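Written out below as structure tokens is the structure these notes cover.
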Amino acid sequence: MSSTDRVPHNGHPAIHAEQLRRHYRMGETLIRAVDGVTLKVNAGEFVALLGSSGSGKSSVLNLIAGLDRPTSGSVIVQERDLAQLSREELASYRLHTVGMVFQSFNLIASMTLAENVELPMRFAEVDRRERASLAREALARVGLQARMNHRPSELSGGEQQRAALARALINRPQLLLADEPTGNLDSHTGTEIMNMVREFNQQLGMTVVMVTHERALAERYAQRLIFLADGKLVGDESNPAVAAATATDYAGADGERR
Amino acid sequence: MKLPDLTELALRNLRESLLRNSLTTIGISVGVASLVAMLSLGIGLQELASRRLMKSGLFDTVVVTSRRDLRNFGREEERSGLAPGESRILDEPTRQEIERLPNVLEAYPDIRFITELRYEDKPHLTMVAALPSSAKSNDAFEGVQGNFFSSELAPEAIIQKAFAEELLGRTPKPGIDETNVKELAAPLLGKDLTMRYAQRETAQTASSAAAPDKAAPGDQGLAAAAYSVVSRELKLKIVGVADLDPESMRGPTRARVFLPLALAETLHVMHPTDLREMSRAASDQPVYSSVSVRVKNPSQVQTVENAIKKMGYNTFSILDASRSIQQFFKVLDVFLGIFGSLALAVAFIGIVNTLVMAILERRREIGIMKAIGASDGDVKRLFFAEAGAMGILGGIVGVALGWAIGQVINIGTNIYLKSQSFPPEHFWSVPWWLVAFAVWFSFLVSLAAGLYPAGRAARLDPVQALRYE
């Protein structure tokens, strides 16, 4: 992988959330899903959002992904405040700046893997011929070139998540957001997926924010662990083991995996 | 998203729920078919009526009469414009003047008189009219048995079938028009008719006497015309029997026996209006009670009529009659269209229902598309494309279906007509503009039906949609 593939960093934090709140009403009660979260994520960082279910970690991720809008506060990504963007601009932000993977893969069942991977390029109006070769390339990168014309239901969970990763990366986003990416996978397949995510983080320089409730997984891959409870930030610690490993030269890390 | 991608995705989505989308499309087809069926029936009936009127041969004809004439058609022009005293008489120079007007093919005098015709020594009293040779190409003589006049001056006659029946002593059954003209013509063609008529013999003598009571002011001088009336006989050979009535629009003055125009002019038949017209004639130029003007194209009838009115004559054309007929058909078309559209309205609801169901079913898919970067517009356009595709498809199938229904009804009706010994008729017409209109209309209706579902799909909250299992 050449160095030109790396996402350029300009010194600003990739993500800067300030007093972020997301409240919504459910009947009579007001739910404070996110309640005053302030955090910064540096470009190229691999961060894990940890917390029990209902802690607000997925809500924070959705706000960063531009899928949802904050009730108050701001999320600044690449110097743009998502709260100020129009619906159209948010869609473009999701299309070009963010790649997402989900616990339930979220591939479109009626489409083949190649078509699924091509879909974001259709929205980005990429030329048809270029699209096909890029999709092939992306699927080859995750080892699915032989499964291109299969539908998701014909694949294992791990294969589906790999296809989802290929789709998330197809428009070369700077941010990879993963919501419990290994939640539906056995530990061996989960490791395989996580290694890929780490590879993208290290080789492409992508900023990764991963939501998980598994502390062990987070400790193994993330440079920083952020803890949430009841919509509030309750802990933010760097993970020296991973941070140190990342600091070593990439060639060494590559060589170790091969 | 680009249009080819949009179309591709829309068609793929339609194929995914094949049964439901097919049923919806069939619903649209039935709606379009009923609309096409109704409208083509309306158009077909209108064409049939027009064809019938065209065959009367008077669609491109303007009848000109003098304002002084006793005959009037009860038209308002009688009261406006020139007073009767100032108006001009309709004579040969005028006829030539009219013939020189732009867009006029010919102007021929209307020679008609009631006289006695003897066939096998039995007298028959009927109206006789002169026909110009141009009438040969007239549609009115389409069904003629025998021939047209051999020459302009030939002592020949074409008789109308009702008169033929009279000559043969047959009485048509009332109500049913099933006369076989061929059968009627066989014993009559080539036979002689003896026409008895009163000839006016003009003697150009010195002035004054003729009709002093008619010397109104404004006359173009008082030329005297004295004449005597002589009884004559002329043998005519029956050369043709006409099925259709070439003068169907003339009402009470319509003729049943026709002579060549040039021959009729040489006869100088005494005419009731001669008494007063001749008294005012400037010369021995013939004076006519009416002149028929043939116009190049029915669309120019109005212009020619106006030009002749300016010259100071009354005019009448079938255009006035056909205008009200056209109006009737417009109203009929609207009514048929409304009934046809009812089925399309049901199809409209069907599309809305199908697409709303599709949103519920594809909620998650819409959420995924939004999560990976689809804009509200992309989602909206996708649903529009699906609705539009069903509309175009339904429209095409519907037109074919409507056409087929029309054919079946047309064939069925003609079988019935045949069993009642009526000639077959084509009263069903699907013009190309109707095909294009139906498909386009179906497309628009479908897009309109997609409006609400597409808007709803576009507004879908992706977070909610992705949570939904």
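The values are calculated or read from the model by the stated rules, or taken from the named source; none is laboratory data. Only a predicted model underlies this, so the values are computations on that prediction, with no experimental measurement involved. Note that each Cβ is placed from the backbone with ideal geometry, even for glycine, and that neighbours are counted across all protein chains shown.
Listed conditions (1) within 14 Å of chain A (Cβ to nearest Cβ); (2) of a type in the set (A, V, I, L, M); (3) assigned to a helix (DSSP H, G or I) are all met by B:V301, apart from (1). With respect to the stated conditions, B:A465 is in contact (Cβ under 8 Å) with a residue 40 or more places away in the chain, within 14 Å of chain A (Cβ to nearest Cβ) and either among the hydrophobic types (A, V, I, L, M, F, W, C) or in a helix (DSSP H, G or I) (or both).
For segment B:1-13, the tally of residues that are of a type in the set (A, V, I, L, M) and over 46 Å from the mean Cα position of the chain (by Cα) stands at 4. The single condition among (1) surrounded by 19 or more Cβ atoms within 10 Å (Cβ to Cβ); (2) closer than 30 Å to B:A387 by Cα; (3) modelled with pLDDT under 90 that B:W432 does not satisfy is (1).
In the set B:G340, B:G373, B:G391, only one residue is at pLDDT 85 or above, surrounded by 22 or more Cβ atoms within 10 Å (Cβ to Cβ) and more than 19 Å from A:A91 (Cα to Cα); that residue is B:G391.
All told, B:F443 falls short of being more than 14 Å from chain A (Cβ to nearest Cβ), part of a loop (DSSP other than H, G, I, E, B), in contact (Cβ under 8 Å) with a residue 12 or more places away in the chain and under 33 Å from the mean Cα position of the chain (by Cα). With respect to the conditions (1) among the polar types (S, T, N, Q); (2) within 24 Å of B:P431 (Cα to Cα); (3) surrounded by 19 or more Cβ atoms within 10 Å (Cβ to Cβ); (4) free of Cβ contacts under 8 Å to residues at least 12 places away in the same chain, B:N414 falls short on a single one, namely (3).
Residues checked against (1) among the aliphatic types (A, V, I, L, M); (2) in contact with a His (Cβ under 7 Å, 6 or more places away or on another chain); (3) at pLDDT 90 or above:
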{"site": "A:G158", "(1), (2), (3)": "no, no, yes"}
{"site": "A:Q161", "(1), (2), (3)": "no, no, yes"}
{"site": "A:A166", "(1), (2), (3)": "yes, no, yes"}
{"site": "A:Q174", "(1), (2), (3)": "no, no, yes"}
{"site": "A:N184", "(1), (2), (3)": "no, no, no"}
{"site": "A:T207", "(1), (2), (3)": "no, no, yes"}
{"site": "A:A218", "(1), (2), (3)": "yes, no, yes"}
{"site": "A:R224", "(1), (2), (3)": "no, no, yes"}
{"site": "A:D236", "(1), (2), (3)": "no, no, yes"}
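Determine if segment B:333-355 includes at least one residue that is without any contact (Cβ under 8 Å) to a residue 12 or more places away in the chain, assigned to a helix (DSSP H, G or I) and within 14 Å of another protein chain (Cβ to nearest Cβ). Within segment B:333-355, not a single residue is without any contact (Cβ under 8 Å) to a residue 12 or more places away in the chain, assigned to a helix (DSSP H, G or I) and within 14 Å of another protein chain (Cβ to nearest Cβ). Taking first residues from segment A:215-237 that are outside the structural domain of A:L30 (by TED's automatic domain parsing) and farther than 11 Å from A:F46 by Cα and partners that are surrounded by fewer than 19 Cβ atoms within 10 Å (Cβ to Cβ) and of a type in the set (F, W, Y), no Cβ contact under 8 Å between residues at least 6 apart in sequence or on separate chains turns up. Would you mind stating whether B:I351 is assigned by TED's automatic domain parsing to the domain that holds B:F384, surrounded by 14 or more Cβ atoms within 10 Å (Cβ to Cβ), over 30 Å from B:N306 (Cα atoms) and among the hydrophobic types (A, V, I, L, M, F, W, C)? Yes, satisfied. The condition of being at pLDDT below 80, surrounded by fewer than 20 Cβ atoms within 10 Å (Cβ to Cβ) and under 28 Å from B:I158 (Cα atoms) holds for B:T273.
For segment B:358-383, the set of residues classified as more than 14 Å from every other protein chain (Cβ to nearest Cβ) and out of contact with any Pro (no Cβ under 9 Å at 6 or more places or on another chain) consists of B:L360 only.
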